[in-house]
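Take a look at the structure set out below.
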Amino acid sequence: MNSIITLKRGLNKFDKKIDILEDDYVTYFSKWEEFNLVPLSNSSKNIPQFINNNSITHIILSGGNNVSPKLYNCKKKIDDTFIERDTLELELLEIAIKLKIPVLGICKGMQLINTFFGGSIKKIEKNIHNPGKNHIIEISKNYQKNYSKKEFIVNSYHNYAVYKKTIGRNLNIVASNNNIVEIIKHDSFPIVGVQWHPERNGNENEISEQICKRFIHSKNKW
């Protein structure tokens, strides 16, 4: 199985755009020996051909950066955005739906999925949960039978979030923390997003592995 993984965008010391993939992603997903990560540059063209040439079976929209505000009709200026990355990931979602390729959105990737389906994101309100600190998430009642328990601890590395009132079309809230959505799942497509970083420390491994195993072995269904 080969999974595209999208890359964080940045600037080097010469102000040239570069792509970045944290080692943690490779380390985390390498525990599934049959599952290979295939990095996709934000400058890539002809994505369908890339998918075909590399026998892509899965897509991971990674974390890092912020979603461009123009994608959800926000007029405020937001730092650390790269529209070329967002455009690439939106195209990947369109292709994934057409070809029924399973998608996992991580942190920023989940927020991008939400905007793709007409939702929006908001800056996190004070005292809800702070970036860099772990917190509890609660599985929604309709999904508790699919998980080993009702509550889990996850990490937090984001300043913006999907709120219950800003959820996109046909996206179900699988888990939340107060009004912040922590897991989303599409009604009919094999598309799931998590707001935390499974590949980083601070999580109960149980919840991350349950989701990632389902993603990897989904066969187009969750």
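Could you tell me whether any residue of region 22-35 is more than 24 Å from H217 (Cβ to Cβ) and β-branched (V, I, T)?
The answer is no; no qualifying residue exists.
Assuming F189 fulfils every condition listed in (1) under 30 Å from K77 (Cβ atoms); (2) part of a loop (DSSP other than H, G, I, E, B); (3) touching a helix residue (DSSP H, G or I) at 6+ places or on another chain (Cβ under 9 Å) apart from one, which condition is it?
With respect to (1) under 30 Å from K77 (Cβ atoms); (2) part of a loop (DSSP other than H, G, I, E, B); (3) touching a helix residue (DSSP H, G or I) at 6+ places or on another chain (Cβ under 9 Å), F189 is out only on (1).
In region 125-138, which residue that is in contact with a strand residue (DSSP E or B) (Cβ under 8 Å, 6 or more places away or on another chain), part of a loop (DSSP other than H, G, I, E, B) and surrounded by fewer than 18 Cβ atoms within 10 Å (Cβ to Cβ) is modelled with the highest pLDDT? Spell out how you get there, then give the answer.
Quick first cut of region 125-138, residues in contact with a strand residue (DSSP E or B) (Cβ under 8 Å, 6 or more places away or on another chain) only: 128-129, 134-138.
Those left that are additionally part of a loop (DSSP other than H, G, I, E, B): 128-129, 134.
From the residues that got through so far, the ones that are surrounded by fewer than 18 Cβ atoms within 10 Å (Cβ to Cβ) too are 128, 134.
Values: I128: 63, N134: 89.
Ranking the candidates gives N134 first.
Looking at region 142-164, which of the residues that are more than 19 Å from the chain's Cα centre (by Cα) and either at pLDDT 95 or above or under 18 Å from N203 (Cα atoms) (or both) is least open to solvent (accessible area, probe 1.4 Å)?
The residue in question is Y147.
The values are calculated or read from the model by the stated rules, or taken from the named source; none is laboratory data. Since this is a predicted model, take the numbers as computed values, not measurements. Every residue, glycine among them, receives a Cβ derived from its backbone with ideal geometry; neighbour counts consider all protein chains shown. Areas reflect the complete protein model, heavy atoms only, side chains present, ligands, DNA and RNA absent. Shrake-Rupley method; radii C 1.70, N 1.55, O 1.52, S 1.80 Å.
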